[in-house]
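Asker: The structure follows.
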Amino acid sequence: PFEWLEIRWSLAILLALLAVMPVIYLQLHRFARPGLLPRERSWLAALLCLSLAIIPLMILATWGYMLPFLIEAAHSADSLEGVGTRYDATALFRLALGFSWLFVTIMLATLSLSIARLIGLIEHGEARFRARILLIFGGLLLLTLPVEYEGLRLLAAFVAMALADTISRTLPEAPLGRRKFEVGDVLSRSGSTHRVALVDCGCEGACPRFPVGSAHPGVAMPKCSALCLEPTEQDALA
């Protein structure tokens with residue numbers, strides 16, 4: 001009875017997550033859309049739509065095809081005459097439940113990494129926040145996968161997090177080199193406070209770039225290839 005109660009609550013949590021997915025995705029898209037560039041909006045919309053379609057389909061396929069296949073395989077595994085077939089139904093249900101939870105965790109990790117990349121928390125050489133997200137969701141898989149995945153938990157968590165990180169890396173490159181600049185307050189002679197940025201525009205290779213390290217700490221240095229010709233760079237700088 002305890003095992004079936006565990007399966008029942010796990011299924012309730014899984015169905016609740018699937019039920020609120022469209023609402024969360026819609027609210028997330030509405031919140032993020034005004035601050036994104038056109039290519040980033042298209043990428044985020046494609047990511048949300050694909051995950052909203054693929055994850056439920058994969059879970060339905062797991063319960064509609066994989067679980068009956070496992071039960072049929074359990075029936076036909078022992079075909080010796082006079083020997084009855086015995087299998088643990090709860091173990092088969094937990095196996096399908098763990099497979100479904102694996103897809104949900106991949107989706108959540110991908111979404112978290114993608115949002116972190118969009119707002120500039122994961123930039124060039126800044127991997128601490130990325131590592132934290134991967135460790136959180138990877139550890140969640142290690143702790144929550146059923147006992148039927150004993151011996152495969154570490155491999156499943158590694159593959160799932162690698163897949164989530166790979167999908168999040170498809171985000172379009174930042175048109176200004178970075179999405180987040182460390183800008184500090186600069187005090188002028190008159191006592192007023194300003195925030196300074198140096199636009200490093202190459203003018204399609206006609207102008208030399210600023211030397212590395214020429215900007216003082218707290219001064220942003222966005223890099224452009226041709227600011228007067230690229231609407232994407234103009235929108236990003238605005």
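The values are calculated or read from the model by the stated rules, or taken from the named source; none is laboratory data. Not measured: the values here are computed from a predicted model. Quick reminder, even Gly has a Cβ in these numbers, built from the backbone with ideal geometry, and neighbours come from all protein chains shown.
Asker: Give me the pairs, please: first residue somewhere in the stretch 58-70 and farther than 13 Å from Gly98 by Cβ, second residue anywhere and among the β-branched types (Val, Ile, Thr) and crowded, with 17+ Cβ neighbours inside 10 Å, beta-carbon distance under 9 Å, and either six or more positions apart or on two chains.
Answerer: Hits for this filter: zero, empty list.
Asker: Shifting gears a bit: Might you check whether a residue that is surrounded by 14 or more Cβ atoms within 10 Å (Cβ to Cβ), modelled with pLDDT of 85 or more, assigned by TED's automatic domain parsing to the domain that holds Ile133 and of a type in the set (Phe, Trp, Tyr) occurs anywhere in the stretch 89-98?
Answerer: The answer is no, given that none of the residues of the stretch 89-98 is surrounded by 14 or more Cβ atoms within 10 Å (Cβ to Cβ), modelled with pLDDT of 85 or more, assigned by TED's automatic domain parsing to the domain that holds Ile133 and of a type in the set (Phe, Trp, Tyr).
Asker: Across the stretch 130-157, what is the total count of residues that are within 20 Å of Ala116 (Cβ to Cβ) and of a type outside the set (Val, Ile, Thr)?
Answerer: Selection size over the stretch 130-157: 11.
Asker: Here's something else I'd like to know. Give the residues of the stretch 32-56 that are in contact with a helix residue (DSSP H, G or I) (Cβ under 7 Å, 6 or more places away or on another chain) and free of Cβ contacts under 8 Å to residues at least 12 places away in the same chain, sorted by residue number.
Answerer: Residues satisfying the conditions are Arg33, Arg41.
Asker: Sort out which residues of the stretch 117-155 are touching a Lys or Arg at 6+ places or on another chain (Cβ under 8 Å) and either buried (at least 19 other Cβ atoms within 10 Å of the Cβ) or not aliphatic (A, V, I, L, M) (or both), and write them in order of number.
Answerer: Within the stretch 117-155, Arg117, Leu118, Gly120, Ile122, Glu123, His124, Leu141, Leu145, Pro146, Glu148 meet the criteria.
Asker: Taking Ile7 and the conditions (1) among the β-branched types (Val, Ile, Thr); (2) out of contact with any Ser or Thr (no Cβ under 7 Å at 6 or more places or on another chain); (3) touching a residue at least 12 places away in the same chain (Cβ under 8 Å), which numbered condition does it fall short on, given that it satisfies the others?
Answerer: (2)
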